[in-house]
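The values are calculated or read from the model by the stated rules, or taken from the named source; none is laboratory data. All values derive from a computational prediction rather than experimental measurement. Calculation scope for accessible area: heavy atoms of the full protein, side chains included, ligands and nucleic acids excluded. Shrake-Rupley method; radii C 1.70, N 1.55, O 1.52, S 1.80 Å.
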Amino acid sequence: MDTTGLAIATITWARDEKEEGLLGESLTALSRIGLPVFVTDGGSTPSHQDLVRNLPNVSFFQTKGLWAQAKNSITEAHRSGAKTILYTEPDKLLFFQNHLPKMIQKHHWDEKRGVLLAARSAKAFASFPAFQQMTEATINRCCAEVTGLATDYLYGPFLFTTDLLPHLDVLPDTCGWGWRSFLFVKAHLLGYALESREGDYFC
């Protein structure tokens with residue numbers, strides 16, 4: 001994959017030492033991928049903010065609210081000139097270390113495709129807590145009913161074309177994680193292709 005025009009957008013919110021350790025290690029690994037990373041913090045401890053702010057390849061911002069954070073990171077990535085954005089939650093250390101480089105390098109990307117999701121295999125999905133499986137399986141089925149693609153929409157990381165960004169402006173600040181499902185469905189309704197790449201992304 002030609003990584004020209006590709007940027008990473010993510011969020012962070014470390015409220016205590018345990019979260020500092022987890023998110024700090026994960027974001028450090030993400031910064032080592034070598035792509036520009038746009039991170040919006042939601043009110044972390046000062047030490048975590050300092051760590052993230054000083055990571056290589058990272059642009060650091062602050063605002064509160066889940067969708068506000070995600071939208072800010074995505075918007076700043078687009079302002080930098082990115083044509084394709086990889087959005088991810090920040091707590092995917094093993095994915096960043098073992099799978100993200102392959103996802104970027106091995107899967108030919110055409111921004112007209114719309115969305116490319118990293119999806120958990122059935123074996124990996126089964127490693128997550130039972131209640132989480134039930135909730136996410138329901139959302140996955142709802143998305144599949146509209147898009148026709150039966151896959152895991154909720155693991156986290158996905159590539160998408162910035163052509164879809166204007167359609168997110170209608171979302172309310174309170175939409176929370178619903179912005180993701182909205183984006184996938186909207187992409188399908190607009191005629192963009194949705195694809196997924198399955199992997200053993202365990203809990």
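Some points to look at:
- Residue-averaged [θ]222 nm for the chain, counting only DSSP H segments that reach four residues, each worth -39500 (n - 2.57): -12500 deg cm²/dmol
- DSSP finds beta bridges in the chain, and of those with both partners inside it, around 25 percent are antiparallel.
- Note that the range 104-203 presents 52 Å² accessible area per residue, ligands and nucleic acids not counted, probe 1.4 Å.
- Which label in [x] 39; [y] 22; [z] 52 gives the computed percent of Cα pairs over 28 Å apart: [y]
- Sequence-separation-based contact order of the range 1-109, relative, with Cα cut under 8 Å and 6+ spacing, percent: 40
- With all protein chains in place and a 1.4 Å probe, the accessible surface of the range 1-147 carries 54 percent carbon and sulfur.
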